[in-house]
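Right, one structure below, let's go through it.
The values are calculated or read from the model by the stated rules, or taken from the named source; none is laboratory data. Here the structure is a predicted model, which is why all the values come from computation and not from measurement. When we count neighbours, we look across all protein chains shown, and the Cβ atoms used for this are built from the backbone with ideal geometry, even at glycine. Just so you know, the surface numbers come from the protein's heavy atoms only, side chains and all, with ligands and any DNA or RNA stripped out. Shrake-Rupley method; radii C 1.70, N 1.55, O 1.52, S 1.80 Å.
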Amino acid sequence: MDIRPGDVLTMKKNHPCGANEMYVIRAGMDFRLRCMKCSREFMVPRNKIEKSIRSIRHDDEG
């Protein structure tokens, strides 16, 4: 998967705050994501994230 910093991921499951969109801060073996609603930042392993992505919105798409 082509996921870069600045992308917005729409997840299959919601964050505990109710949002399902996450902003990518860092991508590599682990992802550093920020919730778009509550601004909480967290790290998640790549294999766990790739299973739970519904769609990817790249920063150059608007």
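Convert each backbone phi in the range 24-35 into a coupling constant with the Karplus relation 6.51 cos²θ - 1.76 cosθ + 1.60 (shift: θ = phi - 60°), then list the ³J(HN,Hα) values in order as whole Hz, x for Gly and Pro.
8, 8, 9, 10, x, 5, 10, 10, 9, 10, 10, 5
Using DSSP to define loop residues, name the GluC sites (Glu not before Pro) in the chain whose beta-carbon has at most 16 other beta-carbon atoms within 10 Å.
Sparse-neighbourhood loop GluC sites (Glu not before Pro): none present.
Rounded to the nearest whole Å², what accessible area per residue is found for the chain with the 1.4 Å probe?
With all protein chains present, the chain gives 66 Å² per residue.
Ignoring ligands, DNA and RNA, what percent of the 1.4 Å accessible area of the chain is carbon and sulfur?
Percent of accessible area from carbon and sulfur atoms in the chain: 48.
Can you work out the FRET efficiency for the pair Ala19 and Asn47, with r the C-beta to C-beta distance and R0 = 22 Å, to the nearest 0.05?
The pair Ala19/Asn47 has a calculated efficiency of 0.45.
Can you compute 3J(HN,Hα) from phi for each residue in the range 4-16, using the Karplus curve 6.51 cos²θ - 1.76 cosθ + 1.60 with θ = phi - 60°, rounded to whole Hz and x for Gly and Pro?
Ordered by residue, 3J(HN,Hα) equals 10, x, x, 6, 10, 9, 9, 9, 6, 10, 7, 5, x Hz.
Multiply the residue separation of Arg54 and Arg40 by 0.36 nm, subtract the distance between their alpha-carbon atoms, and state the gained length in nm to one decimal.
Extra length from Arg54 to Arg40 when fully extended: 3.0 nm.
Cα convex hull of the chain: how many Å³ per residue?
Considering the Cα atoms of the chain, their hull volume per residue is 78 Å³.
Could you tell me which trypsin sites (Lys or Arg not before Pro) in the chain are loop residues by DSSP with no more than 16 other beta carbons within 10 angstrom of their beta carbon?
Taking the chain and a limit of 16 other Cβ atoms within 10 Å, the loop trypsin sites (Lys or Arg not before Pro) found are Lys12, Lys13, Lys37, Arg40.
Each residue of the range 45-50 in turn: what ³J(HN,Hα) in whole Hz from Karplus with 6.51, -1.76, 1.60 and θ = phi - 60°, glycine and Pro shown as x?
x, 4, 5, 6, 5, 4
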